[in-house]
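The values are calculated or read from the model by the stated rules, or taken from the named source; none is laboratory data. On a predicted model such as this, the values are computed, not experimentally measured, just so you know. With ideal geometry, Cβ positions are generated from the backbone for all residues, glycine too; neighbour counts draw on all protein chains shown. For accessibility, only protein heavy atoms count, side chains too; no ligands or nucleic acids. Shrake-Rupley method; radii C 1.70, N 1.55, O 1.52, S 1.80 Å.
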Amino acid sequence: MDIPERVLQGDRLALARLLTWLENDQPRGRAALDALFPHTGKSHIIGVTGPSGSGKSSLVNRLALQLAQADGSQPARRVAVLAMDPSSPFSGGALLGDRVRMRDLMECPEIFIRSMASRGALGGLARAAGELVLALEAAGFDIILVETVGAGQSEVDIARLAHTTLVVEAPGLGDDIQAAKAGILEIADILVVNKSDKSGAESAAHTLAAMLEIGAELKAETSAPQAAWKVPVQLTSALNREGMVSLAAAIHEHFTWLNASGEWERRAQARLEDLFNRLLRERLYEDWQRSQPQANLSEALQSLRKRETSPYSLIERLFS
Ligand SMILES: Nc1nc2c(ncn2[C@@H]2O[C@H](COP(=O)(O)OP(=O)(O)OP(=O)(O)O)[C@@H](O)[C@H]2O)c(=O)[nH]1
Ligand SMILES: [Mg+2]
């Protein structure tokens, strides 16, 4: 049996191999994804972002377990976790902590975990994250949790990849206001204040709720009146496993809203178009680069370095 067929049947080794091909941008990965594409589009993609150290990995760990198990209103679900790993060959180590924390997930057969090197990636996501998510969709996971690198910047990319974006804050990081400035609150569908076991969590939650309120009023003034989603603020403690039932319920509510409002379809389309545009850009660039005599480019860059030609005129010249 070939890789796409095995992936469709839930073969985890085949899935792991496919993810590696995609991560390394191998042609056989693209060929497999080509075959799998009709089977994508059904998973609920949940992005988890927020400042470094707010507890994203710990929360994802607990949340995955919560979402995988059946509760009063929900059946058991198959959950995949895709975590961006910022560790460089020089600093190493970063993932090791996550691995230890994720150990209880490894023993849970409903949950699949994968980390992905995100060195040099912008916006908190690795370049091929979108392709890996497509492969996970084809593998039939009901829910895909994607944890970004905690840069504390505005990780808007994740909001374009996910149906539901969780922004995770925590008291004591001293950057609540910082985060709001960087526009990270704007991308939140659900705001999580983690480390509720620490002092200052409740007041941080109140401050953030007030900021969201102001943001929502401003938005209401500028955009068309529609069934707007009101961003809830959820207090959790990943450490003490508190607030997970309520967070899972908020996620389900957002899922219901996405479907009722037409946002599910709109976000799904935007995601596909993003992926298509990126692949198109890469392809055009590669083709163009291949068609250029090497001497042309080196010469052009030389005159750029000497500041004889501006980047603008250089591009005009190369295309004329
Ligand atoms: N007190 C307390 N500590 C927590 C909680 N959740 C996570 N932590 C601790 O906070 C630290 C950071 O947790 P991580 O889960 O690695 O945070 P992260 O946001 O994934 O960090 P990066 O991936 O480096 O951005 C660890 O020492 C955790 O044990 C919590 O609910 N309460
Ligand atoms: Mg982490």
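Data table
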item: Gyration tensor verdict on region 190-317 (Cα atoms; rounded if a/c is under 1.5, prolate if a/b is larger than b/c, oblate otherwise); result: prolate
item: With Cα atoms, 0 to 90° folded angle of helix 244-261 axis to the chain main axis; result: 60
item: Region 278-319, accessible surface, carbon-and-sulfur percent (1.4 angstrom probe); result: 56
item: Range in the chain, longest, excluding exposed GluC sites (Glu not before Pro) [loop by DSSP; at most 12 other beta-carbon atoms within 10 Å]; result: 108-307
item: Trypsin sites (Lys or Arg not before Pro) within region 1-85, DSSP loop, no more than 11 other Cβ atoms inside 10 Å; result: K42
item: The chain: angle of helix 12-23 to the longest principal axis, Cα-based, in degrees nearest 10; result: 50
item: Per residue convex hull volume, Cα atoms of region 278-319, in Å³; result: 73
item: Kirkwood hydrodynamic radius of the chain, Cα pairs, Å; result: 21.3
item: Cα long-axis angle, helix 27-36 against the chain (0 to 90 degrees, to the nearest 10); result: 50
